[in-house]
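Undergrad: Submitted below is the structure of interest, expressed as structure tokens.
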Amino acid sequence: MTRRRTPVRMIVALGIDPGLRATGYSIIQGDPSGVRLASGGVVRAAAPDLGGTLHALHQALRRLLVDHRPDLVAVEDLFAHPAFPRAALAVAHARGVVWLAAGEAGVDVLSLAPAEVKRVLTGSGRAAKGQMARAVSRLLACTVDDAHVADAAALALTALSRRGVPLQPSPRSRPEAPSGTGPRAVAAAAPRASGGGP
């Protein structure tokens, strides 16, 4: 069995739970001492049409990438449930924007299978939502009470695990979640309908 090499420097992972109505994100820092939630929130890129929504989401993701300079971005593999094809299509649109923004920033994107994420965090590839939420809060030593943010954090944690970061609370972790990890939403500015700037 090959042992994963422990990183010698901090690695910053941006986990993204994409959607048209709400996109959760989590910025997690990892180093040899463990992991720490630096920031998290929900982007609500509401606009009158699909193009405007995707543009607003793109602008919000670009700001996150510039502000936090992650080493990698993590998203979940696309899954299409036969009963809800339109939901999968909406997520596919948002995932495309993630790839575009990350590519522009020169950041690699990891697409992770849900079973892998569950297995890494709980030891079971069939863990329920509640188990996952508890695992995220335990590993980050803070309460992450928004489902979108928790899903994004799970993806970022799994990506860091792949890079050899030990999944344990860093001594630098704060006892309470940083601003933005609760139900508070971050609104992305929709583009103007005509002329001028963004």
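Undergrad: Hey, what did the range 101-165 get for relative contact order, percent, Cα under 8 Å, at least 6 apart?
TA: 27 percent
Undergrad: A follow-up question, please. Let me know the shape class of the range 11-187, please: from the alpha-carbon gyration tensor, a ≥ b ≥ c as square roots of the eigenvalues, rounded when a/c is under 1.5, otherwise prolate if a/b is greater than b/c, or oblate.
TA: prolate
Undergrad: Please report the relative contact order for the range 11-187, taking Cα pairs under 8 Å with a sequence separation of at least 6, and give it as a percent rounded to a whole number.
TA: It rounds to 35 percent for the range 11-187.
Undergrad: Follow-up. DSSP loop (so not H, G, I, E, B), at most 16 other Cβ within 10 Å: list which trypsin sites (Lys or Arg not before Pro) in the range 13-93 pass both filters.
TA: For trypsin sites (Lys or Arg not before Pro) across the range 13-93 that sit outside H, G, I, E and B with at most 16 neighbouring Cβ atoms in 10 Å, the list reads Arg21.
Undergrad: Going toward the positive end of the dipole of the range 11-187, with +1 on Lys and Arg Cβ and -1 on Asp and Glu Cβ, which of Gly40, Gly30, Ala127 do you reach last?
TA: So the residue furthest toward the plus end is Ala127.
Just so you know, all these numbers are worked out from the coordinates, no wet-lab data involved. Worth saying up front: this structure is predicted, and the values here are computed from it rather than measured. All Cβ positions, even for glycine, are placed from backbone atoms using ideal geometry, and neighbour counts span all protein chains on display.
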